[in-house]
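J.: Got a structure for you, questions after.
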Amino acid sequence: MVEFRKVSKKYANGTLALNKIDLHINKGEFAFVVGPSGSGKSTLVKLVLKEENPTEGEVYVNGYDISSLKRREVPYLRRSIGIVFQDFRLLPNKTVYENVEFAMQITESLPKEIRRQVPMSLGLVGLSKKADAYPNQLSGGEQQRVALARALVNNPSLLIADEPTGNLDPETSWEIMKLMTEINYRGTTVIVATHEKSIVNSMKKRVIAIDKGQIIRDEEKGQYENEVKNSQIYS
Amino acid sequence: MKLRTAKYIVKEGFVNTYRNILMSFASIVVVGASLLVFGVFWAIMANINYNTRIFTEQPEMEVFCNPELDDAQITTIEWLIMSDDRISEYTIISKEEALERAKEMLGDDKSVLEGFEGEDILPVSFIIKLDNPGNSKDVVDKLSVFPGVDNVRYSQETIDLISKLVRWIRAGSGMLILMLLVISIVIIANTIKLTVFSRRKEINIMKFIGATDWFIRLPFIVEGVIIGLVGALISFGVINLIYTEVSGRIINSVYFLKVLEGKEIYSDLILSISLIGVLVGALGSTVSIRKHLRV
């Protein structure tokens, strides 16, 4: 589903954001990518979306070879991925319904499908009643749920969330995480980049910890920090 | 692209224009104002060209007979003019026609001539056009010494001066129109650039959801066309008002100037400003959006 082979990313200013990373995420997995700011986890997400190209190594996402993907093919890669951002990124001049509909318009879906899928997706995130509202009339949690509905409406096989709860209060954060778990149960691969310690610790999912551009830990049912290492750092 | 997608894109263009009403309105005002300046100047130039053309095509000389000549003597002069190969055409102006012409030239002041009908105050004259303006001096020499001819009004200097002036006016106005065109295009393109810039985040979001460049670009182009066209129509409306008002005043007060009727210039004018509006709107959107698409 997602595979990194000896991937390095060096930015033009000389920063080595990722250093020879190997990573494999299988279909149907739920994985957290954790690490402090500047650790390289955002770069990892950018490489999956081909917002950036790897300096070295190979990245495969949903069968697309990222490094050799042509510019005009990038939209098709992104359509196969549902994306959720920290700052929601909803279209401000479109209603909730239109925001979700937009994702289906770009794939030139049939009107019949749009009329079925959009309300279904909004129902899944519990926002059927807000379909005609504009994003600025919604709370942060509601906006993020719209973003989730939009990410899911085309039934992508992969969902990537970059700090999805970064702008939300703890309670709302939990709602979003619950939704993501549910989506994962339905068979979608979910990758969440976060530094929300409490959530990671209680979810007991796969944790990939990155620091200084390298994977320092990759555990099934992992914790945000390794207990032993934690005590070393703070003692 | 599927037909329903094309429909969606056009609808998007209209809806976005409406939902960004403040920005759209600002752009329409700028487009309208630039095209108004352009259009007003266009109308002025069309009239200047029209008037100078009348000037240069006016008879090259006019032969005035003595007012006392009888019809036989006038026929002799006419025969002389007719038989001269260098003269391509001539018109005889009778005493009555001369009076009418004088009245016309005086316009509102024509009442001073009332009561002079049927009297020999104005002479018979011949308006002459030559094949070759180079012969004018010889023809004048020949005709002016003929018995019964009072004088020949002829001014090579004036003709030369006017045609020189006309050339300068045409060249100057052509350059001014071109400059105004460039200025209008720059202003309109810049305004559209601002509109696009204020929505660069939107473009960015669309890219991340997986919209193709054309899917993002086309609604913006539709918007550009709407803004350009509405701006052009508004400016045309204002030009129409101004032109009707101003041309009416000129016709009534400046008798020696001829003013084109509105409908004689409107078809060209509306076509060119709409074309400028639409083209610059569409191109402006296309160019401005380009760098925001590289995500």
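What follows draws every value from the coordinates through simple rules; no lab data is involved. Keep in mind the model is a prediction, meaning the values are calculated, not measured. Glycine also receives a Cβ, built like all others from the backbone with ideal geometry; neighbour counts cover every protein chain displayed.
J.: Along region A:111-119, what does the Karplus equation 6.51 cos²θ - 1.76 cosθ + 1.60 (θ = phi - 60°) give for ³J(HN,Hα), rounded to whole Hz, x for Gly and Pro?
T.: These are the phi-based 3J(HN,Hα) values: x, 4, 5, 4, 5, 8, 6, 4, x Hz.
J.: Where a Cα-Cα gap under 22 Å defines reach, which lysines qualify for A:Lys27, not counting those fewer than 8 residues away within the same chain?
T.: Partners found: A:Lys6, A:Lys41, A:Lys46, A:Lys50, A:Lys178, A:Lys204, A:Lys205, A:Lys221.
J.: Take every residue in peptide A:85-94, count the Cβ atoms of other chains within 10 Å of its Cβ, and give the average of those counts.
T.: 4
J.: Okay, moving on. Across region A:83-95, in residue order, what do the Karplus-derived ³J(HN,Hα) couplings come to in whole Hz, using 6.51 cos²θ - 1.76 cosθ + 1.60 with θ = phi - 60° and x for Gly and Pro?
T.: Calculated HN-Hα couplings, in order: 10, 10, 10, 4, 9, 6, 6, 8, 6, x, 9, 10, 6 Hz.
J.: Same structure, new question: Looking at the square roots a ≥ b ≥ c of the eigenvalues of the Cα gyration tensor of chain A, which shape do they give, rounded for a/c under 1.5, prolate if a/b is larger than b/c, or oblate?
T.: It is oblate, given that a/c is not under 1.5 and a/b is not larger than b/c.
J.: So who's got an amide H within less than 5 Å of the one on A:Val33, skipping anything under 5 residues away but keeping other chains? H placed 1.01 Å off N, in plane.
T.: Under 5 Å from the amide H of A:Val33: A:Val192, A:Ala193, A:Thr194, A:Ile208.
J.: Using only C-alpha positions, report the orientation-averaged shadow area of the convex hull of region A:103-170, nm², one decimal.
T.: That works out to 5.2 nm².
J.: Can you list the residues, at least 5 places off or on another chain, whose amide H is less than 5 Å from the amide H of A:Gly57, using H built in the peptide plane?
T.: Answer set, sorted by chain and number: A:Ser8.
J.: Tell me the Rg and the Dmax, in Å, that the Cα atoms of region B:1-118 produce.
T.: 30.5, 87
J.: Follow-up question, since we're still on this one. Provide a whole-number value for the mean count of partner chain Cβ atoms within 10 Å of the Cβ atoms in peptide A:174-187.
T.: Across the residues of A:174-187, the mean count of other-chain Cβ atoms within 10 Å is 0.
J.: I need the phi-derived Karplus couplings for region B:33-44: 6.51 cos²θ - 1.76 cosθ + 1.60, θ = phi - 60°, integer Hz, Gly and Pro marked x.
T.: Result, rounded to whole Hz: 5, 5, 6, 5, 4, 4, x, 4, 5, 4, 5, 5.
J.: Sort B:Leu36, B:Leu3 so that the residue with the fewest other Cβ atoms within 10 Å of its own Cβ comes first and the one with the most comes last.
T.: Lowest to highest Cβ neighbour count: B:Leu3, B:Leu36.
J.: Can you show me the helix-derived [θ] at 222 nm for the protein assembly as shown, built from DSSP H runs with n ≥ 4 at -39,500 (n - 2.57) apiece and divided by the number of residues, rounded to the nearest 500.
T.: -18500 deg cm²/dmol
J.: Report Rg (one decimal) and Dmax (nearest whole number) for region B:122-224, counting Cα atoms only, units Å.
T.: In Å, with Rg to one decimal and Dmax whole: 31.6, 96.
J.: What whole number of Å gives the distance from the Cα centroid of region A:145-195 to the Cα centroid of region A:32-80?
T.: 18 Å
J.: For B:2-15, what's the mean count of beta carbons from other chains sitting within 10 Å of each residue's beta carbon?
T.: 2
J.: Let me ask another. Please arrange A:His195, A:His24 by counting, for each residue, the other beta carbons lying within 10 Å of its beta carbon, fewest first.
T.: A:His24, A:His195
J.: When a/c is below 1.5 the answer is rounded, else prolate if a/b is larger than b/c, else oblate, so apply that to region A:1-101 with a ≥ b ≥ c taken from the square roots of the Cα gyration tensor eigenvalues.
T.: Cα axes put region A:1-101 in the prolate bin.
J.: Project the alpha carbons of the protein assembly as shown onto their principal axes and report the range along each, largest first, in whole Å.
T.: Sorted largest first, the three principal extents are 132, 48, 43 Å.
J.: With only alpha-carbon atoms counted, please give the Rg and Dmax of chain B, in Å.
T.: According to the Cα coordinates of chain B, Rg and Dmax are 30.1, 96 Å.
J.: Taking 8 Å as the Cα distance limit and 6 or more residues as the minimum spacing, I'd like the relative contact order of region A:98-235 as a percentage.
T.: 18 percent
J.: Please say if region B:67-147 is rounded, prolate or oblate, where rounded means a/c under 1.5 for a ≥ b ≥ c the square roots of the C-alpha gyration tensor eigenvalues, and otherwise the choice is prolate for a/b larger than b/c and oblate otherwise?
T.: Since a/c reaches 1.5 and a/b is larger than b/c, the shape of region B:67-147 is classed as prolate.
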